[in-house]
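As structure tokens, the structure follows; a few thoughts come after it.
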Amino acid sequence: RNYYGGNWASFSFSGLLSWIKENQQKTDTSDECEDWRKLILENEEVISLSKKDKTIQHVEDFCFGDQDSAEDVEEAGALPKLPIFGASGAEGVAQESEKECPPMESALPEAESQEPGKATGTKPASAMKGNDTEITSENESCHSTALGESAPELGKTEAAPSEISAQEPKKITYSQIVREGRRFNIDLVSKLLYSRGLLIDLLIKSNVSRYAEFKNATRILAFREGKVEQVPCSRADVFNSRQLAMVEKRMLMKFLTFCLDYEQHPDEYQDYENSTFAQFLRTRKLTSSLQHFILHSIAMVSETDCSTLEGLQATKKFLQCLGRYGNTPFLFPLYGQGEIPQCFCRMCAVFGGIYCLRHSVQCLVVDKESGRCKAIVDHFGQRISANYFIVEDSYLSESICTNVCYRQISRAVLITDQSVLNTDSEQQVSILTVPPVDLGKPAVCVIELCSSTMTCMKDTYLVHLTCPSTKTAREDLEPVVQKLFNLNTEKETENEELEKPRVLWAVYFNMRDSSGVDKNLYDGLPSNVYVCSGPDSALGNDCAVKQAETIFQEMFPTEEFCPPPPNPEDIIYDEDEIVPEESGFSNSPETKPQPSTEESSSGGSTAVKKEDNEE
């Protein structure tokens with residue numbers, strides 16, 4: 001591929017259109033070097049790799065506007081006569097230099113167990129120019145402050161509330177979306193980071209988070225009786241809620257307090273261990289609305305398949321993540337989830353790692369006697385030797401995967417003109433779980449991103465829908481889209497439809513979920529070839545972190561996984577092996593442009609770091 005991250009990538013709008021076209025055509029990649037087999041010796045055999053990516057299926061895109069008017073429109077900042085294709089931020093140095101804004105340094109996190117400024121290999125936050133960002137928690141607005149030294153300038157440009165309310169909502173056209181395409185960073189996989197999840201811990205420990213900034217998810221929403229409403233989940237939210245009666249507030253706080261240390265009270269749930277979590281909730285003297293909030297918006301589990309213990313564990317995990325960085329348990333990386341693999345690439349590049357784009361592999365070369373893999377042959381006919389080989393599942397041919405049964409993920413991405421739940425603040429990052437209409441069907445997870453996440457243009461929202469597949473993505477997700485959004489392009493619509501956000505553009509696709517596949521199911525793989533999966537359907541990233549650590553420990557059982565990097569002054573290089581940090585960064589993805597003044601003043605970003613008064 002010519003972009004970073006595989007199926008974890010993020011794309012600009014034109015990059016996504018190119019990705020859609022490629023996956024709708026599904027052309028085979030041709031061999032550039034026909035005589036590569038001459039490199040194979042007599043005592044060796046080859047394992048051919050797949051020439052076609054079959055992880056993406058049923059791609060359907062729809063424009064709910066005048067698409068013809070955008071035929072001659074070019075994406076702002078794009079180089080003329082050069083196709084823009086690839087994850088935003090990985091399109092090459094030449095294209096990155098075209099960006100309108102200067103690069104911005106990322107906020108530097110500090111390990112939770114240490115005082116600010118004393119984490120291994122870090123400087124005090126106060127010493128970092130332009131990235132001393134902290135978290136505030138003002139009601140439902142995005143939790144952030146202005147970025148360091150530029151704060152006074154940003155504050156001057158913020159419009160007064162009276163001016164904002166007086167403005168009529170702008171009508172966004174398809175040609176505007178194309179023109180502002182580089183403002184979009186559209187993820188193939190939709191996830192959030194639990195504030196006490198494995199990925200956040202790993203980012204802090206390894207110091208990889210120095211290359212990223214994050215934004216709090218500001219709202220947990222629920223869909224009940226045909227309406228979207230906000231779920232109170234923290235103590236402050238519960239007691240400030242106007243939708244709950246005082247009795248309900250006491251009920252909810254009592255149950256959530258029990259969930260935090262449910263292991264200490266086994267007599268409370270032992271009789272229901274063989275029951276579902278939904279059945280257990282009915283015995284707890286909770287109203288139907290509270291049961292709905294807990295099941296679908298806090299535990300976020302299935303009504304039919306989740307046991308009582310699993311539901312209690314999920315609820316406890318949610319509650320433990322509250323308050324670390326904001327009023328919700330979740331963080332979202334600025335510029336999209338696709339930034340995370342690029343951040344690890346940057347750290348790898350600093351220490352000499354090389355990430356090759358547009359460099360395909362023909363086959364694995366296996367020694368017949370030992371049965372171990374010795375090398376690969378690339379499409380240039382070059383033979384590259386190594387001791388260990390890590391292969392993403394999609395590269396394996398059908399002959400190797402005959403015994404593997406894959407699950408599928410249904411995905412949809414929408415560009416809309418307003419939020420599913422309008423409030424005083426437009427800059428909201430929301431997560432909504434829509435329960436299934438029919439029992440046995442999966443719930444749909446909806447994540448709505450505002451422009452201050454740097455994933456969409458101003459006055460639009462980027463909406464991701466995800467669920468385990470039962471049919472094609474469109475069949476699984478379109479009923480939910482119709483409930484939440486207005487798909488009617490005609491001017492005359494019912495009042496109910498007018499209140500809903502209007503969909504400007506949409507794409508549906510199915511993605512393979514290869515997580516959880518046992519390595520022994522792959523036929524004929526050598527012992528030193530390790531297989532990693534693509535994204536899974538869970539909201540968090542624990543599966544990927546566990547998988548990476550497991551593979552690493554199998555290869556290097558005595559080494560620490562992702563240790564803190566040394567201070568630059570402590571590194572001792574051998575002669576002739578001195579690699580300046582700048583050369584490492586030249587092989588890695590470029591840093592992103594700063595948010596615009598309007599976006600920074602209204603949203604901004606948060607640093608992943610421990611506050612002295614956090615608890």
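The values are calculated or read from the model by the stated rules, or taken from the named source; none is laboratory data. Not measured: the values here are computed from a predicted model. We place every Cβ from the backbone using ideal geometry, glycine too, and count neighbours over all the protein chains shown. Accessible surface is based on the protein model in full, side chains and every heavy atom, while ligands, DNA and RNA are left aside. Shrake-Rupley method; radii C 1.70, N 1.55, O 1.52, S 1.80 Å.
Worth a mention:
- Enumeration of residues in segment 347-386 that are of a type in the set (D, E, K, R), open to solvent by 30 Å² or more (accessible area, probe 1.4 Å) and in contact with a Ser or Thr (Cβ under 9 Å, 6 or more places away or on another chain): ARG372, LYS374
- Yes/no for LYS254 being open to solvent by less than 20 Å² (accessible area, probe 1.4 Å), over 30 Å from PHE485 (Cβ atoms) and free of Cβ contacts under 8 Å to residues at least 60 places away in the same chain: no
- Restricting SER527, SER452, SER430 to those that are touching a residue at least 24 places away in the same chain (Cβ under 8 Å), polar (S, T, N, Q), open to solvent by less than 10 Å² (accessible area, probe 1.4 Å) and out of contact with any Pro (no Cβ under 7 Å at 6 or more places or on another chain) reduces the list to SER430.
- Considering VAL480, VAL446, the condition of being open to solvent by 10 Å² or more (accessible area, probe 1.4 Å) and either among the aliphatic types (A, V, I, L, M) or modelled with pLDDT of 95 or more (or both) is satisfied by VAL480 alone.
- Residues located in segment 204-260, provided they are within 24 Å of GLN337 (Cα to Cα) and not in a helix (DSSP H, G or I): ASN207, ALA212, GLU213, PHE214, LYS215, ASN216, ALA217, THR218, ARG219, ILE220, LEU221, ALA222
- Residue check, THR470 surrounded by 18 or more Cβ atoms within 10 Å (Cβ to Cβ), more than 30 Å from HIS359 (Cα to Cα) and among the β-branched types (Val, Ile, Thr): no
- Any hit, segment 243-258, residues being over 18 Å from ILE431 (Cβ atoms), of a type in the set (Lys, Arg) and in contact with a helix residue (DSSP H, G or I) (Cβ under 6 Å, 6 or more places away or on another chain): yes
- Test for LYS21: is it assigned to a helix (DSSP H, G or I) and at pLDDT 85 or above: yes
- Segment 278-319, subset part of a loop (DSSP other than H, G, I, E, B) and of a type in the set (Gly, Ala, Ser), residue nearest to GLU263 (Cα to Cα): ALA299
- For segment 173-188, the set of residues classified as open to solvent by 10 Å² or more (accessible area, probe 1.4 Å) and assigned to a loop (DSSP other than H, G, I, E, B) consists of THR173, GLU180, listed by residue number.
- Qualifying residue in segment 391-405 (condition: in contact with a His (Cβ under 9 Å, 6 or more places away or on another chain) and crowded, with 16+ Cβ neighbours inside 10 Å): no
- Segment 217-236 residues that are over 12 Å from HIS296 (Cα atoms), paired with ones that are acidic (Asp, Glu) and part of a loop (DSSP other than H, G, I, E, B) (beta carbon under 9 Å, 6 or more apart): THR218/GLU140; ARG219/GLU140; GLN230/GLU140
- Restricting segment 353-378 to residues that are in a loop (DSSP other than H, G, I, E, B) and among the charged types (D, E, K, R) leaves a set whose member that is farthest from TRP36 (Cα to Cα) is GLU369.
- Within segment 406-427, the set of residues being outside any loop (DSSP other than H, G, I, E, B) and open to solvent by less than 10 Å² (accessible area, probe 1.4 Å) comprises ILE409, SER410, ARG411, ALA412, VAL413, LEU414, ILE415, THR416.
- Whichever residue in segment 294-312 is modelled with pLDDT under 90 and in contact with a Leu (Cβ under 7 Å, 6 or more places away or on another chain) and, among such residues, is surrounded by the fewest Cβ atoms within 10 Å (Cβ to Cβ): THR304
- Selection from segment 532-570 of residues that are in a helix (DSSP H, G or I) and free of Cβ contacts under 8 Å to residues at least 24 places away in the same chain: ALA548, GLU549, THR550, PHE552, GLN553, PRO568, GLU569, ASP570
- Among (1) outside any loop (DSSP other than H, G, I, E, B); (2) open to solvent by 20 Å² or more (accessible area, probe 1.4 Å); (3) among the hydroxyl-bearing types (Ser, Thr, Tyr) - the single one TYR508 does not satisfy: (2)
- Subset of segment 320-346 (residues that are surrounded by 19 or more Cβ atoms within 10 Å (Cβ to Cβ) and assigned to a helix (DSSP H, G or I)): CYS321, GLU339, ILE340, PRO341, GLN342, CYS343, PHE344, CYS345, ARG346
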